[in-house]
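The values are calculated or read from the model by the stated rules, or taken from the named source; none is laboratory data. All values reported here derive from a predicted model rather than from experimental measurement. Quick reminder, even Gly has a Cβ in these numbers, built from the backbone with ideal geometry, and neighbours come from all protein chains shown.
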Amino acid sequence: MWSAWRCWPGADAVLGSTPDTRPPIDAALVRRLVDAQFPQWAELPLKLLEPAGSDHVIYRLGEELSVRLPRHTGAIGQAKKEYEWLPRLAPHLPLAIPVPVAVGEPGYGYPWPWAVSRWLDGEVATVETLAFSSEAAVELAEFLTALQRFTPEDIPAAGAREDLTGRPLADRDRATRAAIAQVGTSSGAGSEAASDTASGAVFDAGAMTELWDAALSVPGWDRPPVWFHGDFHTGNLLTVNGRLSAVIDFGELGIGDPACDLTIAFTLMSAESRAAFRAALGVDDATWTRGRGWALATGLNAYISYAADNPRVAAQTTRQIAEALIG
């Protein structure tokens, strides 16, 4: 959804590099692309999905399909990666995931591959409905356990495929320390809450630095690399009738250290449900600390990137950072 949450160092681009040139995407363009490349769906109506994330523009196509077009260069490999892996993953996972049915080619001035997937009904998960549900926390732990156990015969070796290779948390060091300096305060705001000022929420710089230093100093993942979702936060979970139903947006799917997926414990859960999640997943102290570091780093980056213009993201990332500091 919001790319600054993801577990890839490229999400830190917002803190220093030139922004991507983003092609204009509207219903007329999507209609032409679909009709020209997939005439079997030419009669199906299109409806823009709002609010969309920062990586893709999404249209619902008829009742059973969706069209997903990358907004920027950082997302252009996701359509083909999901088309390759999600149909193979789906039978092994306890929650529904999107199943791509086609990959479209550039056309009519739009420069990148795009995807058509099966539509998944549901509402985005919220803290209000699931934060105190230990049952939901255990379900998420079971999902990650199943994902990590997925071992196809032709699983790529670690580092063999750049689009699947996870990066270490240390790759975010410069950007995270810059973010701490930007939003942190030494005025005693405390590690459990943020205080509002004219410039937005500020956080305890000392507490953030202490957590960040700890996350970088604990031992790294020393077991065989496993699959991770890579963008596992509240916005990428769907519910039906208040129960978890699906996990979406696998564009950052990869192989490596699973600590980045622990971000969900700090975006969604309370202390009680987080304890149930950790116990069900069997997370050791070092991995948990790295997970807290991922939650801090991605929360700070999303806060700096979007909070000034989006109150919803401001509230979500403020909570994420505060929960990561609590542990």
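Residue by residue, here is whether (1) more than 24 Å from Val183 (Cα to Cα); (2) among the aliphatic types (A, V, I, L, M) holds:
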position: Met269; (1), (2): no, yes
position: Ala276; (1), (2): yes, yes
position: Thr298; (1), (2): no, no
position: Thr317; (1), (2): no, no
position: Ile326; (1), (2): no, yes
Report the residue count in the range 177-218 for those that are in contact with a strand residue (DSSP E or B) (Cβ under 7 Å, 6 or more places away or on another chain), modelled with pLDDT of 75 or more and of a type outside the set (S, T, N, Q).
6
Any idea which residue in the range 280-311 is surrounded by the most Cβ atoms within 10 Å (Cβ to Cβ), counting only those that are in a helix (DSSP H, G or I) and either among the polar types (S, T, N, Q) or free of Cβ contacts under 8 Å to residues at least 12 places away in the same chain (or both)?
Thr298
Wholly enclosed strands (runs of 3 or more DSSP E) of the range 207-264 bearing at least 2 residues touching a residue at least 40 places away in the same chain (Cβ under 8 Å) and not hydrophobic (A, V, I, L, M, F, W, C)
243-247, 254-256
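The rows are residues; the columns are (1) more than 20 Å from Arg118 (Cα to Cα); (2) surrounded by fewer than 24 Cβ atoms within 10 Å (Cβ to Cβ); (3) in contact with a strand residue (DSSP E or B) (Cβ under 7 Å, 6 or more places away or on another chain).
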{"residue": "Leu237", "(1), (2), (3)": "no, no, yes"}
{"residue": "Glu252", "(1), (2), (3)": "no, no, no"}
{"residue": "Gly256", "(1), (2), (3)": "yes, yes, yes"}
{"residue": "Cys260", "(1), (2), (3)": "yes, no, yes"}
{"residue": "Leu268", "(1), (2), (3)": "yes, no, no"}
{"residue": "Ala271", "(1), (2), (3)": "yes, yes, no"}
{"residue": "Arg274", "(1), (2), (3)": "yes, yes, no"}
Given (1) outside any helix (DSSP H, G or I); (2) surrounded by fewer than 21 Cβ atoms within 10 Å (Cβ to Cβ); (3) within 17 Å of the chain's Cα centre (by Cα), index of the condition Arg319 fails:
(1)
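Considering each of Ala141, Ala158, Ala170 in turn, give the residue that is within 18 Å of the chain's Cα centre (by Cα) and either surrounded by fewer than 19 Cβ atoms within 10 Å (Cβ to Cβ) or modelled with pLDDT of 95 or more (or both). Explain how you work it out, then say what you get.
Values: Ala158 fails: within 18 Å of the chain's Cα centre (by Cα); Ala170 fails: within 18 Å of the chain's Cα centre (by Cα).
On inspection, the qualifying residue turns out to be Ala141.
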Looking only at the range 30-84, filter to residues that are polar (S, T, N, Q) and not in a helix (DSSP H, G or I); which one of those is surrounded by the most Cβ atoms within 10 Å (Cβ to Cβ)?
Ser66
Report the residue count in the range 22-72 for those that are among the aromatic types (Phe, Trp, Tyr) and more than 16 Å from Ile248 (Cβ to Cβ).
2
So, in the range 73-91, exactly how many residues are modelled with pLDDT of 95 or more and touching a helix residue (DSSP H, G or I) at 6+ places or on another chain (Cβ under 6 Å)?
0
